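Working notes, structure below.
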Amino acid sequence: MQPITPGAVPQYVKLENRLVLLAWLNSLLGYKRNKDLLADTKGSSEGFDASGRSFLYHHLIGRGSQVKITSEDLEHYDDNICAHLAAINRGRTEPITLRYFQHLAALYTEIVLDRYFNARAQLLADLNAFVRERNAAKAPG
């Protein structure tokens, strides 16, 4: 930690650059910045196709090897989101449709909870490795 110099103006660091978990999740989908993720997925249609797969799922699968999550895991997460949304919409006269950013929030929740409850040690190791790589890439100071 550097000493604070009297009269020095602290450097502004964007909130996004402080959110390590968000950056790690973005990297799993092959994005370096949240802005890039949102711009790329904004054009995805809302809802699900006839087979029950979300259009966001199809968009992410189309990114190929950039996505670091297996297609099986993405399918599982997509199924869970579809099931949760169906439960929310049951009994509603006007069903809810998730916007792309809401669907991403649900997907990120699925990823974190799955890894937290089913592979906690690996989650910790992956996050620590990501932080080490991220810190090594930063300019000194």
Out of the stretch 16-32, which residues are assigned to a loop (DSSP other than H, G, I, E, B) and surrounded by 15 or more Cβ atoms within 10 Å (Cβ to Cβ)?
LEU29, GLY30, TYR31
Determine whether the stretch 126-140 contains at least one residue that is assigned to a loop (DSSP other than H, G, I, E, B), touching a helix residue (DSSP H, G or I) at 6+ places or on another chain (Cβ under 9 Å) and not aromatic (Phe, Trp, Tyr).
no
Just to check your reading of the model, which residue among LEU38, LEU123, LEU113, LEU85 is at pLDDT below 95, at negative phi and part of a helix (DSSP H, G or I)?
LEU38
Looking at the stretch 116-141, which of its residues are without any contact (Cβ under 8 Å) to a residue 12 or more places away in the chain, surrounded by fewer than 17 Cβ atoms within 10 Å (Cβ to Cβ) and within 16 Å of the chain's Cα centre (by Cα)?
TYR116
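The values are calculated or read from the model by the stated rules, or taken from the named source; none is laboratory data. Please read all numbers here as calculations on a predicted model, not as lab measurements. Glycine also receives a Cβ, built like all others from the backbone with ideal geometry; neighbour counts cover every protein chain displayed.
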